[in-house]
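S.K.: Sharing a structure below in structure tokens format, with a few things to ask.
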Amino acid sequence: MQLNRIGLVVAVTGTLLIVPAFTVTADQDTAAQNTDFCDSALCQSDFKKLERLAHYGSGEAATVVAVAYATGEGVEKDVKKARRHIKQAVRWREPMGMHQMSVWLRHGFIFEQDIGKADELLDRAAKVEFGPALTDKAKLLLAKDTPQADKEAVVLLEQANEQYYKPGQYLLAQLLVSGVGVESDLARAGFLYKNLALKGYADSRVRLNEIINALEQVTQQPEPELVAVVQPVLANLKKIDDIEVIEVKGEQFDASSELGNIVAQLKSLNIYYQGNTGSRIPGNICGRGTAVCSVAFDRKTDTAFGATTVGELMGK
């Protein structure tokens, strides 16, 4: 799948949970937030154009419009319209729409819960190498906690990495450090974290620093051959301090400009990033007292992701 085909809302998450909170308090908070969403005349005009694009064949637009109606953002909440638009996106074989509908079916939101159908749609979206679907399917496999499922998850995350999908790259890096489903490789994990840190993704810089500290400990050991392997990798990872990191600070989501961008371009929101991976460092380093390896990945906590608004859907 070509990146420019994936569309502006390809940031449909990389997660399993694009569902609103189900408690009364959270629903009230969400409703209050949605009151100010897309209330300008320009934004409303852009939304109508977006809905027309959805009507005439844009699966990406149909998915965004479906989420807007499902959450009541910019428009009055309308479950029937949410269902209609997301079903249309699926009929058009839009990977984003298939992934989104699978999320709703899995959690019984908008549709009655149907795990079998959810799995089927997730598989279809993953088959065409849609990054969020590949990553979510990998999470489900990792939750099984079996050696075979772990290996299958790594294969999917390698595909997500080839699509430069950041959440997938981040999870792959975690597995490379901890040795889940794959032999531990701090060098490759470090390069993944470095590329992600340069884009300000999550806590990648913190994770990278942990790897740098672990490798620095290795260079202090009396093993010339191992040190010779580690030193050039360590030097490369440390070069991040000489590069200006693009730091993305929290900003209020501007619906009028974002919807206008969708209508005008339907381009990617840059959650895909091409980066290099480097020389392999033997996995036995993780057995040398480097605590970073044992805490890199936790099946119980590292699989909980979510987005509850159109803004989050589009990567804001």
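The values are calculated or read from the model by the stated rules, or taken from the named source; none is laboratory data. Since the model is a prediction, treat every value here as computed from it, not as a measurement. Cβ atoms come from the backbone with ideal geometry, glycine included; neighbour counts cover every protein chain shown. These area figures cover heavy atoms from the full protein model, side chains too; ligands, DNA and RNA do not enter into them. Shrake-Rupley method; radii C 1.70, N 1.55, O 1.52, S 1.80 Å.
S.K.: Nearest 0.05, what FRET efficiency do residue 143 and residue 217 give at R0 = 22 Å with Cβ-Cβ as r?
M.R.: Efficiency, rounded to the nearest 0.05: 0.10.
S.K.: Using just the C-alpha positions of segment 169-243 as equal point scatterers, what log10 of I(q)/I(0) does the Debye formula give at each q in 0.23, 0.24, 0.28 1/Å?
M.R.: -1.02, -1.09, -1.30
S.K.: Right, something else. With the other protein chains left in place, how much accessible area per residue, in square angstrom, belongs to segment 102-192 at a 1.4 angstrom probe?
M.R.: For segment 102-192, the solvent-accessible area averages 35 Å² per residue.
S.K.: Take the alpha carbon gyration tensor of segment 78-120, find the square roots of its eigenvalues, order them as a ≥ b ≥ c, and report rounded if a/c is under 1.5; if not, report prolate when a/b exceeds b/c, else oblate.
M.R.: oblate
S.K.: Run the numbers on segment 136-194 and let me know its relative contact order in percent, using alpha-carbon pairs under 8 Å that are six or more apart.
M.R.: For segment 136-194, the relative contact order is 26 percent.
S.K.: From largest accessible area down, sort 91, 83; use a 1.4 Å probe on the protein chains.
M.R.: From most exposed to least exposed: 91, 83.
S.K.: So, one more: Which of the three applies to segment 114-174, rounded, prolate or oblate, going by the alpha-carbon gyration tensor with a ≥ b ≥ c and a/c under 1.5 meaning rounded?
M.R.: oblate
S.K.: Also, quick follow-up: With r as the distance between the Cβ atoms of residue 298 and residue 120 and R0 = 22 Å, compute the FRET efficiency 1/(1 + (r/R0)^6) and round to 0.05.
M.R.: Approximately 0.15, to the nearest 0.05.
S.K.: Round to the nearest 10 and report in Å² the accessible area of residue 77, as given by a 1.4 Å probe over the protein chains' heavy atoms.
M.R.: Accessible surface of residue 77 is approximately 120 Å².
S.K.: I need the calculated FRET efficiency for the pair residue 158 and residue 80, taking r as the beta carbon distance and R₀ as 45 Å, to the nearest 0.05.
M.R.: With R0 = 45 Å, the Cβ-Cβ based efficiency is 0.65.
S.K.: Distance in nm between label sites at residue 202 and residue 183, each 7 Å beyond Cα in the beta-carbon direction?
M.R.: 2.5 nm
S.K.: Another question, then. If I ignore ligands, DNA and RNA and count only protein heavy atoms, how much of residue 60 is accessible to a 1.4 Å probe, in Å² to the nearest 10?
M.R.: Rounded to the nearest 10, that gives 20 Å².
S.K.: Using the structure shown, list the pairs from 87/127; 117/199; 48/87; 48/166; 127/238 with a Cα-Cα distance above 27 Å, or answer none.
M.R.: From 87/127; 117/199; 48/87; 48/166; 127/238, over 27 Å: 117/199; 48/166; 127/238.
S.K.: So, one more: Of all accessible surface on segment 58-165 at a 1.4 Å probe, what whole percent is carbon and sulfur?
M.R.: With neighbouring chains kept in place, the figure for segment 58-165 is 47 percent.
S.K.: Normalised by the residues of segment 93-182, what does the relative contact order come to in percent, with Cα pairs under 8 Å and at least six apart?
M.R.: Relative contact order comes out at 22 percent.
S.K.: Which entries in 151/239; 81/144; 49/77 show an alpha-carbon gap greater than 26 Å?
M.R.: 151/239; 81/144
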